[in-house]
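One structure below.
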Amino acid sequence: MKERYFFISNDVETTSLWNHTLSDITGKKVWKEGMPVLLNLYQKYGIKSTFFFTGHIARLYPDIVRMILPHGHEVGCHGLVHDSDKAFDVLRLEEQIEHLQQSKKILEDISGREVISFRAPAIRVNGNTPKALLETGFRIDSSIASQRLDFMFSFGARHKLKWLLSPRKPYFASSNNLARKGTSKIMEFPINSILLPYVGTFMRISPAFTNVIRCILHYENKLRNTPVSFIIHPNELIDEEITKGRIQRRSKNYLKYLLADKIRYRLKLRNLGQKAIPLLEKQLIYFSQRDYKSITFREYYHTHLDQ
Ligand SMILES: [Zn+2]
């Protein structure tokens, strides 16, 4: 029987979902409160996972990186910063290289391990990103959500239309488009979606519909051996006080502000904090009961390089 894979990955950053802003104080809560919850759950279910840290949070609290090392999880890179005006689809090639070099060095200095896996902040990439990744020694990317439809609910939606035709199983990407197969040395790990994504945010917004997506993904695995991938953020598991009265406006376009800032913010508050923990545990139980093997992206990459 073929091995069944379940990839769970974590984006570790200073985003405060409660206040729709970046905050170093939130980063500290992520380290002290969110991360221990994840590590305990992964230990309980024998899960090996990949953690993508921004260079910013790693520099602020280096122990947030060190704490995962004894558990055998992988240290990956989530860019240098998470500001939407510095996303990879707006940075020039040289700037992408600069951000990758800096964040890789921060993470490698702290962990003492080579970092080869990347997920772009807000999964925003462009045609230069594969080049920038190759030049800075990365070999793995997980920033493409195959068959996910975002409409205008997120930033960079124009580039994200490429997702509709991207492959569903891990593949080597093209050297100018991570959403297509090609001959580059970058292995792409698609983020699973059935129009809607299988991720923590959607799990909280609609637990019932998430169960449906999960069943379909499991069925797809039985049929085609497609690995299942799930993303969670430790900042989804912390409670914070709402201190901001106004929602930060990131776009001049009113419709975009309404969809990508206001409505999205309201939706993202559902089942946020402690309430998300049992929902997450349900996902882990589901796959552990069905004999999925959860390994890091790096482990999969090394075992499948020659196949
Ligand atoms: Zn992120």
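Against the conditions (1) away from the ligand (no atom under 16 Å from the Cβ); (2) within 22 Å of P227 (Cα to Cα); (3) aliphatic (A, V, I, L, M); (4) touching a strand residue (DSSP E or B) at 6+ places or on another chain (Cβ under 8 Å), V75 satisfies every one except (1). Residues that are buried (at least 22 other Cβ atoms within 10 Å of the Cβ), within 29 Å of K86 (Cβ to Cβ) and more than 16 Å from the ligand (Cβ to nearest atom): does segment 9-31 have at least one? No, the conditions are met nowhere in segment 9-31.
Select from segment 32-61 the residues that are within 16 Å of the ligand (Cβ to nearest atom) and small (G, A, S) and write down the one among them that is nearest to Q274 (Cα to Cα). This residue is G34. Filtering segment 78-91 down to residues that are out of contact with any Lys or Arg (no Cβ under 7 Å at 6 or more places or on another chain) and among the acidic types (D, E), which residue is nearest to the ligand (Cβ to nearest atom)? Here the residue is D83.
Only a single criterion out of (1) among the basic types (K, R); (2) within 21 Å of K162 (Cβ to Cβ); (3) buried (at least 16 other Cβ atoms within 10 Å of the Cβ) is not satisfied by R59, namely (2). Of all the criteria given as (1) surrounded by fewer than 18 Cβ atoms within 10 Å (Cβ to Cβ); (2) modelled with pLDDT under 95, the one not satisfied by F172 is (2).
Contact map, segment 100-127: first residue within 13 Å of D141 (Cβ to Cβ), second residue among the acidic types (D, E), Cβ cut-off under 7 Å, separation 6 or more or different chains; pairs are V115/E108; S117/E74; F118/D141; R119/D11; R124/D89; V125/D89; N126/D89. Taking the options I140, I144, name whichever one is within 23 Å of V228 (Cα to Cα), touching a Ser or Thr at 6+ places or on another chain (Cβ under 8 Å) and at pLDDT 95 or above. Selected residue: I140, the only one of I140, I144 that is within 23 Å of V228 (Cα to Cα), touching a Ser or Thr at 6+ places or on another chain (Cβ under 8 Å) and at pLDDT 95 or above.
Evaluated against (1) within 16 Å of the ligand (Cβ to nearest atom); (2) within 17 Å of K185 (Cα to Cα), F138 falls short on exactly one condition, (1).
Sub-7 Å Cβ pairs linking a first residue in segment 217-241 that is over 21 Å from L279 (Cα atoms) to a second residue that is among the hydroxyl-bearing types (S, T, Y) and surrounded by fewer than 18 Cβ atoms within 10 Å (Cβ to Cβ), at least 6 apart or interchain, number zero.
The values are calculated or read from the model by the stated rules, or taken from the named source; none is laboratory data. A quick note: this is a predicted structure, and the numbers were derived from the prediction, not measured. So basically every Cβ, Gly included, is an ideal-geometry build from the backbone, and we count neighbours across all protein chains shown.
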